[in-house]
1. Just reorder His287, His299 by solvent-accessible area, largest first, 1.4 Å probe, all chains present.
2. Determine the share of the range 128-273's accessible area contributed by carbon and sulfur atoms, expressed in whole percent, with a 1.4 angstrom probe.
3. Accessible area, 1.4 Å probe, largest first: how do Ser295, Ser141 sort?
4. I'd like to know how the range 165-228 sits against the 2.2 N^0.38 Å rule of thumb: what's its Cα Rg over that expected value?
5. Rank these residues by their accessible area, most exposed first, probe 1.4 Å: Trp167, Trp236, Trp250.
6. Hey, with R₀ at 25 Å, roughly what FRET efficiency would Ser295 and Phe225 work out to, going by the Cβ-Cβ distance, to 0.05?
7. With every protein chain left in place, what is the accessible area of Glu171 in Å² (1.4 Å probe, nearest 10)?
8. Taking the Cα-to-Cβ direction at Arg87 and at Thr204 and moving 7 Å from each Cα, how far apart do the two end points lie in nm?
Amino acid sequence: SGFVSLSRAASAISIENDWIVVISGSNIDYLSALNVKLRRVNLVARMIAPAVAGYFLGNQLKMNDVFIAMGGLAVISFLIKYKCLKRICSIAPVLVMQRGDDDISEIEDQIQIQDKNEEQKHCTSCSMIGGYVIYFQQKISMGGLGFALLYLNVMSSGSIMTSYLIWRGLEMSHLGIVRGASEVFGLVGTIAFACSSDRFTLRTITVVSTGFMVLCLSVSVCGTFFVPDDNRISLWMLILGVVLSRVGLWANDLSIFQLTQRTVDENVRGVVGGSQYSINSFFDLLHFSLGIFFSDPSHFYVLCLIGYSAVITAFLLMLRGVYFSPAFRNMEE
């Protein structure tokens, strides 16, 4: 499982952060379209996978048979992905070209830390500290940090909220509908981004989408804090806010991602992408750690408050670091 997660992270960083930018070249509209299509494929796969697993489990098959079937599907998916990647490399040979010595020396120059001693100045792009130094030197660093804070939010379709909904007595059939609806509204978020990107700037979409998340999650927080737990209204207020917030989440994901692609230099794109992924993982780990610490379902409101505060902080960071940033304002003029 750990090896699979590591491989998935490496694939995401290389394909999403680098390949798409290289393929699209200087065509910004094509870059936006590729990002949207990739996110839609991801969301559709996330909708289909639970349905397939539920089909196998619902037919009362033996667990060994279920594992074999799911493993077979995983192998088939890997072969399809390998074939697609091979096809892409044949269409765009530039993706498999090695960097020259000039590019390598340029990377080393960019990761030197000023006003430090000689040992710190010669750190490489593979070092953790050097990677984070490069990351926080980027224009998008504050916006990226705000996006990472969204991983601290437990009001999502994740395992912690799923456990809480089961504890509140939500039927499994209704739970499946809720999770499916979350992914559907995620698709709506990609459509909203595609439609709005022709009319508004990326920095505007970034702030508006995060603000929409805050507004939707306010409904969930009100249902959690101000409505008695034995009232089903509070439960559906929580669900309604979470499902609607997926529109803002995925629109924000696309806007931050495209701003990163457009502003980060090619030579450090992998380093910045890896640093962003590690920061996301840190807050994701922190939100699970908080779930362990506040493991009593009756304390779920504490996790909601922490997550809601993280989303508001993310909104403020994006407002300051993206919308009011002179660098992004000049870029889109």
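1. The ordering from most to least exposed comes out as His299, His287.
2. 68 percent
3. These residues rank, largest area first, as Ser295, Ser141.
4. For the range 165-228, the normalised Cα radius of gyration is 1.45.
5. Heavy-atom accessible area, descending, gives Trp167, Trp236, Trp250.
6. Using R0 = 25 Å, I get an efficiency of 0.80.
7. 110 Å²
8. So the label points at Arg87 and Thr204 sit 3.7 nm apart.
The values are calculated or read from the model by the stated rules, or taken from the named source; none is laboratory data. Given the structure is predicted, the values throughout are model-derived calculations rather than measurements. No Cβ is skipped: glycine too gets one built from the backbone with ideal geometry, and neighbour counts run over all protein chains shown. For the accessible areas, the whole protein counts, side chains as well, though only heavy atoms, and no ligand, DNA or RNA atoms are used. Shrake-Rupley method; radii C 1.70, N 1.55, O 1.52, S 1.80 Å.
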